[in-house]
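**Q** Below are the structure tokens for one structure; questions will follow.
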Amino acid sequence: MEHPPDADVLGEFLISARSLDEYRAIFALTDTELRDRRILDCPGGAASFTAEASELGAYVTAADPIYARPSAELRALALAETDRASAWTRAHRDGYLWDWYDSPDRHHAMRAAAAAGFGTDITTNPHRYIAASLPSLPFADNSFDLVLSSHLLFSYADRLDAEFHVAALLELSRVASGETRLYPLVDNLGRPQDELLNRIRKELRDKGIETSLRATEYEFHHGATSLLVLHAPGGS
């Protein structure tokens, strides 16, 4: 989907490269949750989380439509997208809190390392990466103990409507036997999406899915310190 050139329009959906350390912070992941657990990362983008968490004993599957592309193309794309993300955050640096990363340079270095790790892993372990798009995933019900989703829903509220959000979250919840955790709850300019969030939570509740908000110590966009958590029936 193309968008006009504009300082406040990110353009094409960004293929982000985040590390295990970032995932730990964002999703408040514990060591226990990263051992012997079936985890879905959707959309996985160019994150090195799948590779790194698998080394700790998790059984991670990443799902993203970009995985239909050849691995060599994805390796190059991951690095190019890291540069695009860095340029975006630098151009909008006042909208971010840099404490967790220390500086834009370290932010870029971490993301570049994650992109490189992703490129290596998708080449050597392609079975971990499934080409699939929300809101329809090729997994059976309750396939995963934990589902993680970041920087798609809410982030792109300018082009993904409420109906898509609900359908996507219903699908993520369907394949989860435990929690589904979603972050952030702001758009890509850091604007709160409270009206959208409230509508989604009500519609999910009406369909039998309980939700809660959970604090995270990670904060990059100012004020983005909450996760949306979907609870599987009978779960906590």
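**Q** Please verify whether region 38-56 includes one or more residues that are open to solvent by 20 Å² or more (accessible area, probe 1.4 Å), under 17 Å from ARG111 (Cβ atoms) and assigned to a loop (DSSP other than H, G, I, E, B).
**A** Yes, the conditions are met somewhere in region 38-56.
**Q** Can you go through ASP64, ASP121 and tell me which one is open to solvent by less than 30 Å² (accessible area, probe 1.4 Å), in contact with a Pro (Cβ under 6 Å, 6 or more places away or on another chain), charged (D, E, K, R) and touching a residue at least 24 places away in the same chain (Cβ under 8 Å)?
**A** Exactly one residue qualifies, and that residue is ASP64.
**Q** Taking the residues in region 76-99 that are part of a helix (DSSP H, G or I), among the charged types (D, E, K, R) and open to solvent by 80 Å² or more (accessible area, probe 1.4 Å) as candidates, determine which candidate is farthest from ALA224 (Cα to Cα).
**A** ASP83
**Q** Please go through region 165-223 and pick out each residue that is within 26 Å of TYR101 (Cβ to Cβ) and open to solvent by 60 Å² or more (accessible area, probe 1.4 Å).
**A** Passing the criteria: ARG191, PRO192, LEU213, ARG214, ALA215, GLU217, HIS222.
**Q** I would also like to ask the following. Filter region 16-37 for residues that are part of a loop (DSSP other than H, G, I, E, B) and of a type outside the set (Gly, Ala, Ser) and give the result.
**A** Once the filter is applied, which keeps residues that are part of a loop (DSSP other than H, G, I, E, B) and of a type outside the set (Gly, Ala, Ser), region 16-37 yields ARG18, LEU29, THR30, ASP31, ARG35, ASP36, ARG37.
**Q** Can you tell me which of (1) more than 15 Å from ASP41 (Cα to Cα); (2) buried (at least 17 other Cβ atoms within 10 Å of the Cβ); (3) touching a residue at least 40 places away in the same chain (Cβ under 8 Å) is the one HIS108 doesn't meet?
**A** The one condition HIS108 does not meet is (3).
**Q** If LEU20 meets every condition in (1) within 21 Å of VAL175 (Cβ to Cβ); (2) surrounded by 16 or more Cβ atoms within 10 Å (Cβ to Cβ); (3) in contact with a Phe, Trp or Tyr (Cβ under 8 Å, 6 or more places away or on another chain) apart from one, which number is that one?
**A** (1)
**Q** Hey, another quick one. Does region 143-195 hold any residues that are under 19 Å from ILE66 (Cα atoms) and among the polar types (S, T, N, Q), and which are they?
**A** Of everything in region 143-195, those that are under 19 Å from ILE66 (Cα atoms) and among the polar types (S, T, N, Q) turn out to be SER149, SER150, SER155.
**Q** Follow-up. Could you list, in sequence order, all residues of region 83-108 that are in contact with a Phe, Trp or Tyr (Cβ under 9 Å, 6 or more places away or on another chain) and on the phi > 0 side of the Ramachandran plot?
**A** Once the filter is applied, which keeps residues that are in contact with a Phe, Trp or Tyr (Cβ under 9 Å, 6 or more places away or on another chain) and on the phi > 0 side of the Ramachandran plot, region 83-108 yields nothing.
**Q** Just to be sure, is ASP102 in a loop (DSSP other than H, G, I, E, B) and surrounded by fewer than 16 Cβ atoms within 10 Å (Cβ to Cβ)?
**A** yes
The values are calculated or read from the model by the stated rules, or taken from the named source; none is laboratory data. Quantities reported herein were computed from a predicted structural model and do not represent experimental measurements. Neighbour counts run over all protein chains shown; Cβ positions are idealised from the backbone, glycine included. Surface areas here come from the heavy atoms of the whole protein model, side chains and all, with no ligands, DNA or RNA. Shrake-Rupley method; radii C 1.70, N 1.55, O 1.52, S 1.80 Å.
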